[in-house]
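Chemist: Dropping a structure here in structure tokens format, bear with me for questions.
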């Protein structure tokens, strides 16, 4: 059985689209659990419109890692499938998850492709590329170091030895994947296991989001022995973060994300500004203790 878990914080009406996409699947879902920390009435709307959903309402705000852990603790499925409140599952999402575990039962789990629900927005296209480049539907099936938790399915027994980090927002999926890898497990990327993500489409919001991602990335690299930790621990090396981030994005565009090449070229000043915001956030993160 597959248990689908969703962390939620003041997510209505977007989470309504998420839940609607789960009710129209071509495969049966064992249960849907929303771990909610809302204070704007989103929890009541979820209960009213989707009474079949198990709602865990938390009295105080939980970061996504803590919210997911609480849902996992009560889930009964042998597979834990994760999607975020700002993403919609493709009709074959659950079917693809089930088929993957039959096809490769030795895998710890599977990450799926993340399509941009706001492809008509040039700003959203750049934001999507910078955040999810390497995980778009254009990329081939392959083993990956990690997969974003907005589209991730893991065997339930993985959580007998691993938990999401609870004390801050961001990079909890990187840390979980690192834990899985250190224990000899692996994650496979499957482009057919697809969700549509509602990426930010205003530049001010994009820059702020990139700063936050950079901050959390820097803090995680400082505290844990993750790939790229030397950038956080070597004096002066953080200045390389911006150029490295830009070159990685360019490599992905030239590799499989070629649909974004025109945007990447036309929006070069915006790309550079977003990368600069990430780099600035990274430097803030490595100063945090």
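Chemist: Mind telling me which of the residues 182, 219, 215 ends up being in the same structural domain as residue 65 (by TED's automatic domain parsing) and either touching a strand residue (DSSP E or B) at 6+ places or on another chain (Cβ under 6 Å) or over 30 Å from residue 92 (Cβ atoms) (or both)?
Modeler: Only one candidate qualifies: 182.
Chemist: Separate question: Looking at region 132-146, which of the residues that are within 13 Å of residue 197 (Cβ to Cβ) and outside any helix (DSSP H, G or I) is farthest from the chain's Cα centre (by Cα)?
Modeler: If we take residues in region 132-146 being within 13 Å of residue 197 (Cβ to Cβ) and outside any helix (DSSP H, G or I), then 137 is farthest from the chain's Cα centre (by Cα).
Chemist: Let me ask something else about it. What's the number of the only condition in (1) over 23 Å from residue 170 (Cα atoms); (2) touching a residue at least 60 places away in the same chain (Cβ under 8 Å) that residue 65 fails to meet?
Modeler: (1)
Chemist: Scan (1) within 14 Å of residue 72 (Cα to Cα); (2) in a loop (DSSP other than H, G, I, E, B) for the single condition residue 184 breaks and write down its number.
Modeler: Unmet condition: (1).
Chemist: Does residue 192 fit the bill of being within 17 Å of the chain's Cα centre (by Cα) and either assigned by TED's automatic domain parsing to the domain that holds residue 110 or over 18 Å from residue 144 (Cβ atoms) (or both)? Before the answer, list the steps.
Modeler: On the way: within 17 Å of the chain's Cα centre (by Cα): yes; either assigned by TED's automatic domain parsing to the domain that holds residue 110 or over 18 Å from residue 144 (Cβ atoms) (or both): yes.
Yes; evaluated as a whole, the condition is true for this residue.
Chemist: Continuing with this model, one more query. For residue 200, only one of the following conditions fails: (1) in a helix (DSSP H, G or I); (2) touching a residue at least 24 places away in the same chain (Cβ under 8 Å); (3) within 15 Å of residue 270 (Cα to Cα). What is its number?
Modeler: Of (1) in a helix (DSSP H, G or I); (2) touching a residue at least 24 places away in the same chain (Cβ under 8 Å); (3) within 15 Å of residue 270 (Cα to Cα), only one is false for residue 200: (1).
Chemist: Only one residue in 226, 222, 240 is part of a helix (DSSP H, G or I), surrounded by fewer than 20 Cβ atoms within 10 Å (Cβ to Cβ) and modelled with pLDDT under 95, so which one is that?
Modeler: Result of the check over 226, 222, 240: 222.
The values are calculated or read from the model by the stated rules, or taken from the named source; none is laboratory data. Being a predicted model, the structure only gives us computed values, none of them experimental. All Cβ positions, glycine included, derive from the backbone under ideal geometry; neighbour counts span all protein chains shown.
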